[in-house]
1. So in the stretch 150-168, with the set limited to residues that are surrounded by fewer than 19 Cβ atoms within 10 Å (Cβ to Cβ) and modelled with pLDDT under 90, which one is farthest from Asp87 (Cα to Cα)?
2. Specify which of the listed residues (Asp87, Asp79) is surrounded by fewer than 16 Cβ atoms within 10 Å (Cβ to Cβ), among the acidic types (Asp, Glu) and not in a helix (DSSP H, G or I).
3. Restricting to the stretch 230-256, name every residue that is among the polar types (S, T, N, Q) and either at pLDDT 75 or above or not in a loop (DSSP other than H, G, I, E, B) (or both).
4. Condition (residue is under 26 Å from Tyr82 (Cα atoms), surrounded by 14 or more Cβ atoms within 10 Å (Cβ to Cβ) and modelled with pLDDT under 95) applied to the stretch 169-187: is it met by at least one residue?
5. Just name the residue that is nearest to Glu114 (Cα to Cα) out of those in the stretch 66-104 that are of a type in the set (D, E, K, R) and in contact with a Leu (Cβ under 7 Å, 6 or more places away or on another chain).
6. Give the stretch 106-118 a look and list any residue that's small (Gly, Ala, Ser), surrounded by fewer than 16 Cβ atoms within 10 Å (Cβ to Cβ) and in contact with a Ser or Thr (Cβ under 7 Å, 6 or more places away or on another chain), or say none.
7. Just to be sure I understand, how many residues within the stretch 119-136 are touching a strand residue (DSSP E or B) at 6+ places or on another chain (Cβ under 8 Å) and crowded, with 17+ Cβ neighbours inside 10 Å?
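The values are calculated or read from the model by the stated rules, or taken from the named source; none is laboratory data. Note that the coordinates shown come from a computational prediction; the quantities given were computed from them, not determined experimentally. Because the Cβ atoms are built from the backbone with ideal geometry, glycine has one as well, and the counts that use them run over all protein chains shown.
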Amino acid sequence: MKYLPIIIILVLILAVVIAIWCVIVYLRNKIREASRALFGTSDISQAAKQMKQEYATTPKSVSAMTSLLLPKIVMDFPDFQYNEMKDRTENVLTSYLRAVDENNTSLLKDGNSELKNQLENQIQMLSAQDIQEHFEQIRIHRTEISSYRKSEGRCIITFQSALECFHYTTSTADHSTVLDGSREYKYQTKYNTDLIYIQDRNLVENELDHALGINCPNCGAPLSSLGAKKCDYCGTPMIEINIHAWSFSNIDEIRS
């Protein structure tokens, strides 16, 4: 009888172990069932790989406000060519990332001094950290206007692009070891690219302020639209001072 308490304890421990094992088996079966239903395989590692592959091949959704904002932009700028500007946006975004990838600012084919400074600062920051950032096989799925802002004489159109590429970082000295990202799976992301309108660059004291001359130089009356070719009040032609200088000023990745 003196061994009875020990036997009871051992039995209880065995019961707990069996219960835990049953729960583990039950959960494992449930996970396999869910994996089979979602991915067609009960192999958890294979399912995880498929899920990662699906994430790597599914483009990000963009904030598509083009149909709503384009009529407002054309009202202000009758000569605005949407398809041309969209192509320019995708080209400047691609060239910006390639410039970072190759550590070469001259690869940036478009953009004002602010964007060039942004690129130089990014490359210098990476160099200071002994990091090389890589963007390979860049592909843009979709580009849409996401916002149009006018304040204090500034006009900014923001294009948002869904983009994929192989994105990873290495040390500057050793490109064989990946520090972050993947050479195997593509990276899906979004970028905002700002397109800014400057009425007359000669009237802008500081290009980073993006000031606009929006009054008639003859009578001082406000122009009816930012792309007007003549003053509605005195008829003075605006073509000589209205340079229609669209320039790219900023590129930001949207992580979501």
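1. Glu152
2. Within the list Asp87, Asp79, the selection yields Asp79.
3. Residues satisfying the conditions are Ser247, Ser249, Asn250.
4. Looking through the stretch 169-187, none of the residues is under 26 Å from Tyr82 (Cα atoms), surrounded by 14 or more Cβ atoms within 10 Å (Cβ to Cβ) and modelled with pLDDT under 95.
5. Arg98
6. Correct list: empty.
7. 4
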